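Undergrad: My questions all concern the structure below.
The values are calculated or read from the model by the stated rules, or taken from the named source; none is laboratory data. As the structure is a computational prediction, the values presented were derived from the model and not from experiment. Cβ placement follows ideal geometry from the backbone for every residue including glycine, while neighbour counts extend to all protein chains displayed.
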Amino acid sequence: MTLSSRRVVTRFAPSPTGFLHIGGARTALFNWLFARHHAGTALLRIEDTDQKRSTPEAVDAIINGLAWLGLDHDGPVVFQSTRSERHREVALKLLEHGHAYRCYATPEELAEMREQQRAARQPIRYDGRWRDADSAHVAPDTPFTVRIRMPRSGCTTIADAVQGEVTVANSELDDFVLLRADGTATYMLAVVVDDHDMGVTHVIRGDDHLNNAFRQLPLFRAMDAVEGGWPDPVFAHIPLIHGSDGAKLSKRHGALSVEAYRDEFGILPEALFNYLLRLGWGHGDTEEISREDAIRLFDLSGVGRSPSRFDLRKLEHLNGHYLREADDARLAALVAERLELPVARDLLVQAMPFIKVRARNLNELAEGARFLAAGEPRDLTDKAEALLSGDGRRHLGIAAEALASTHWDGASLEAALVAAAAGAGLKLGQLAQPLRAALTGTTSSPGIFDVLVLLGREESMRRIRAHLAPGAPQNHLATDGGDARV
Ligand code: GLU
């Protein structure tokens, strides 16, 4: 069966040595989208053969991060460490058919070889000393590694679905190790065996693996020669993500875990999904792309060849868009987790349309919802305090009087306040601003009539009175002492 007639199978193959960072998440996303677009299969393989560096926490972080982003996988998770017998079996098969050979060189000998190559300014690579050597005289219990017999002449060309045709002279590739002296498989062998056994048709991964593809392809071909049914996969090596300054992405740029974007930055999964998609893939200039459209439109031809730049501001801008689109009950639940103050859930839901207008993340949303909590505002910002100084408190009194006898709905409250301002020869803002300060403790909040309606008559009047009463606490936060108070 040729590859093109097979149903698409992709895999995401992270090594669980740390959290799921955004580069990995984007690789997972592209694999997932490609599979879904082609109604194929998206597999997950945890490459945990490096037992010293792999941790169960990292496995959980990867699985949870993918689930949060909605990147489900088909079938059970494959743990590479459970497949070591099979890796060994393939190495021995290659050995048996002459595509691999035993190398008895000791680590010391190889170190010396490398030292000589360094001194002679030659490329560092295995020199093939056991490739055609006679091993008849070797004692039976001598430790050995199994090395692949790579093609020596000619070139290997990969028609990479992202990078285009890339060619490497075979003379540049050495006979690398398949099985270590302790009988364990190397990464290079394990990946090829697993990709074959899992039926992977498309290997989509970071372009830091492009060099590996030139070692993996001959392995597929050797096994295909041995038993058939090992077609070349399609390779697609996607450029890495760089920071906004063009340097390779690191922690300094916010190369953080997916969990950190969720927990610390308050990003919604659909925003990160959309942002990661746009980071390296384009469909015209469209920025906002839904999950459904992404599945419909995604293809490897839209993946660019140059590194993309990560920009937190752009991510937050997209996040703001998704916050405004998000269901208010869902947002209320997310905000409730972040608010250290109790707010009735109904009230939070009701307030959400007004609060989310300007927010870029869940932290800002929570900050904007603070004023809804009973007992607030506990502290006034300096600016809010300033609005209640000078004539502010007197104006608050005028507003209070006008509101006290008004029907408590937006239109009536507005009419009452407009009339009171006109009666006192003031602008509406001169009443509304001290009112906002007293009700919310801040100078930026939803519209003042929405605030009044959300808080209700009783709570609003209580907060206003607290600032009118003689001896009421007037300044909790002011540190600059520059405002003149009544
Ligand atoms: N486990 C490798 C990594 O995390 C990826 C291997 C592959 O995709 O072929 O970098």
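Undergrad: Here is a check on your reading of the model: is ARG462 among the basic types (Lys, Arg) and either touching a strand residue (DSSP E or B) at 6+ places or on another chain (Cβ under 6 Å) or in contact (Cβ under 8 Å) with a residue 40 or more places away in the chain (or both)?
TA: So ARG462 does not fit the description; no.
Undergrad: Those residues that are of a type in the set (D, E, K, R), touching a residue at least 24 places away in the same chain (Cβ under 8 Å) and surrounded by fewer than 18 Cβ atoms within 10 Å (Cβ to Cβ), I need them from region 44-62; list them, please.
TA: Listed by number, the residues that qualify are ASP50, ARG53.
Undergrad: Pick from ALA225, ALA181, ALA213: which is away from the ligand (no atom under 15 Å from the Cβ) and in contact with a strand residue (DSSP E or B) (Cβ under 7 Å, 6 or more places away or on another chain)?
TA: Sole residue among the options that is away from the ligand (no atom under 15 Å from the Cβ) and in contact with a strand residue (DSSP E or B) (Cβ under 7 Å, 6 or more places away or on another chain): ALA181.
Undergrad: What about GLY65, is it surrounded by 20 or more Cβ atoms within 10 Å (Cβ to Cβ), assigned to a helix (DSSP H, G or I) and within 13 Å of the ligand (Cβ to nearest atom)?
TA: No.
Undergrad: One residue is enough: does region 13-32 have a residue meeting the conditions away from the ligand (no atom under 13 Å from the Cβ), aliphatic (A, V, I, L, M) and either touching a Pro at 6+ places or on another chain (Cβ under 6 Å) or touching a residue at least 60 places away in the same chain (Cβ under 8 Å) (or both)?
TA: Yes, there is a match, as at least one residue in region 13-32 is away from the ligand (no atom under 13 Å from the Cβ), aliphatic (A, V, I, L, M) and either touching a Pro at 6+ places or on another chain (Cβ under 6 Å) or touching a residue at least 60 places away in the same chain (Cβ under 8 Å) (or both).
Undergrad: I've got another one for you. So which helices (runs of 4 or more DSSP H) stay within region 241-308 end to end and still have 2 or more residues that are of a type outside the set (A, V, I, L, M, F, W, C) and out of contact with any Gly (no Cβ under 9 Å at 6 or more places or on another chain)?
TA: Here the list reads 269-278, 291-297.
Undergrad: Among the residues of region 23-39, are any of a type in the set (S, T, N, Q) and part of a loop (DSSP other than H, G, I, E, B)?
TA: No, there is no match, as no residue in region 23-39 is of a type in the set (S, T, N, Q) and part of a loop (DSSP other than H, G, I, E, B).
Undergrad: Same structure, new question: State the number of residues belonging to region 40-54 that are hydroxyl-bearing (Ser, Thr, Tyr) and either modelled with pLDDT of 95 or more or outside any loop (DSSP other than H, G, I, E, B) (or both).
TA: 1
Undergrad: Which of the residues that make up region 205-260 are surrounded by fewer than 16 Cβ atoms within 10 Å (Cβ to Cβ) and within 15 Å of PRO151 (Cα to Cα)?
TA: ASP224, ALA225
Undergrad: Another one. So how many residues does region 77-87 have that are touching a residue at least 60 places away in the same chain (Cβ under 8 Å) and closer than 16 Å to ASP50 by Cα?
TA: 5
Undergrad: Another question about this same structure. So which of ASP450, ASP391, ASP379 ends up being surrounded by 13 or more Cβ atoms within 10 Å (Cβ to Cβ), of a type in the set (Asp, Glu) and more than 45 Å from the chain's Cα centre (by Cα)?
TA: After ruling out the rest, the residue left standing is ASP391.
Undergrad: Could you tell me which residue of region 82-126 is surrounded by the fewest Cβ atoms within 10 Å (Cβ to Cβ), considering only residues that are among the acidic types (Asp, Glu) and over 25 Å from PHE220 (Cβ atoms)?
TA: Per the criteria, the residue is GLU108.
Undergrad: What single numbered condition from (1) within 14 Å of the ligand (Cβ to nearest atom); (2) surrounded by fewer than 20 Cβ atoms within 10 Å (Cβ to Cβ) fails to hold for THR41?
TA: (1)
Undergrad: Take the residues in region 187-204 that are within 10 Å of the ligand (Cβ to nearest atom) and crowded, with 18+ Cβ neighbours inside 10 Å; name whichever of them is farthest from ASP232 (Cα to Cα).
TA: Out of the qualifying residues, it is ALA190.
Undergrad: If you check GLU165 against the conditions, is it away from the ligand (no atom under 16 Å from the Cβ), within 24 Å of LEU33 (Cα to Cα) and of a type in the set (D, E, K, R)?
TA: So GLU165 fits the description; yes.
Undergrad: Restrict the check to region 135-152 and report whether at least one residue is touching a Ser or Thr at 6+ places or on another chain (Cβ under 8 Å) and at pLDDT below 95.
TA: Within region 135-152 (the criterion being touching a Ser or Thr at 6+ places or on another chain (Cβ under 8 Å) and at pLDDT below 95), the answer is yes, since at least one residue qualifies.
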